[in-house]
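Inspection log for the structure reproduced underneath, given as structure tokens.
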Amino acid sequence: GVQCLGSNGGENDDGFYIRRCVELARKALGFTSPNPLVGCVIVKDGKVVGEGFHPKAGQPHAEVFALRDAGDLAQSATAYVSLEPCNHFGRTPPCTEALIKAKVKKVVVGMVDPNPIVASKGVERLRDAGIEVIAGVEEELCKSLNEAYIHRMLTGKPLLTLRYSLSVNGNFLDLLGNGVTDCGGYYSRLLQEYDAVITSYSLFSENLSIPTSQEPGANQPIRIIIHKDHSSSNQIPLAINEVAGKVIIFTDNKTEIALEVAQQGIEIVALDQINLDVILDYCNRQGLCSVLLDIRGSFSEFEELVKEGIKKNYINKFVTEILPVWNGCAEPDPLQTLKSLELGVKVVNLKSRASDQSVVIEGCFKV
Ligand code: AOF
Ligand code: ZN
């Protein structure tokens, strides 16, 4: 139906509608990988006549849904898309052709598609067909929407985010496991954003309650569980059966665990040596863009995993450089401190949690 949204009028309209595209795109958060999140709005005479977003890989693209919604009103209208329309046959036909066929007059693009198959060819095709194209509107916002997709396109690896908890004296905390609840649903919301979450086997063996995405219909990330020889047990912990969504266990113990797990439909990947590169490579081949490495209080399984890259570069830096500064402040502003130290990693979140003795820090590691 025709809807009039209160846009600002005049020069800010392009930004306004691209922001609406991003809002629509987010409705599919967690569901589109290996594809990006994309939203599209069709506007005619200052009115929104069609809206759509890409719901899932294999299904039609955002433009197709928005054009369907607009019907004949798409003719001579302006199409806003948060990502450059594709110009190739993938699982679905090219959006450029759909826009040309619908006779839109103008296309406003949030950002060009880093996918080498597209990479500005979509914009070129539209211009060749006589359509006016503006590219790069609210570009930073559009990039942040698809940070993981962009990273995987450019590097061939998923974007890894480390989540761990540190106390102000630098000790690791087991915030969610030791009777401290998921403060404000923060962890549950976090899970919805990721394609996969790596956790330790011992976390499950202790039969702690494992928070999951709680919103009905929300994304359930694939659970990757690290099982190493020195793990406390080879019995399948009950808690694993309670996990919604797919479970994959990476193990370096091929014997006992394999039998147990096979009976429960859990995928098992046996390796001589478990390391992060192998896991990330596996995720990439599965088309996963974003991976959360969730480190808890006791993390024997992670010790070797994080020793070199992460622990050295990040945690040590935190303990040796940040905490002293922080402890010296009357009212420390952890986020500001981290920013000012320019760690070379992106701090995506930092929150005071549960008690003021603890913070949660997440770093994005370009691996
Ligand atoms: C768009 N609009 O909504 C999305 C695009 O296999 P396919 O056909 O789904 O194509 C996947 C590629 O298309 C993906 O890697 C990305 O380059 C682009 N995604 N493009 O015009 C959309 N999701
Ligand atoms: Zn497309």
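A short reminder: the numbers here are calculations on the coordinates, not readings from a lab. Note that the coordinates shown come from a computational prediction; the quantities given were computed from them, not determined experimentally. Methodologically, a virtual Cβ is constructed for each residue, glycine included, from the backbone with ideal geometry; neighbour enumeration extends over all protein chains shown.
With a cut-off of 12 Å between beta carbons, the residues surrounding VAL112 carry a summed charge of -2, where Lys and Arg count +1 and Asp and Glu -1. In the structure shown, the pairs LYS101/LYS143; LYS56/LYS103; LYS157/LYS246 are assessed against 24 Å; a Cα-Cα span above that value is assigned to LYS101/LYS143; LYS56/LYS103. The modelled label-to-label distance between HIS88 and ALA119, using points 7 Å beyond Cα along the C-beta direction, is 1.0 nm. Charge tally around PHE53: other residues with Cβ under 13 Å, Lys/Arg +1 each, Asp/Glu -1 each, net +1. Close amide H partners of GLU267, meaning residues 5 or more places away or on another chain with modelled amide H under 5 Å apart, are VAL247, ILE249. Using the Cβ-Cβ distance between VAL278 and LYS246 with R0 set to 22 Å, the FRET efficiency works out to roughly 0.75.
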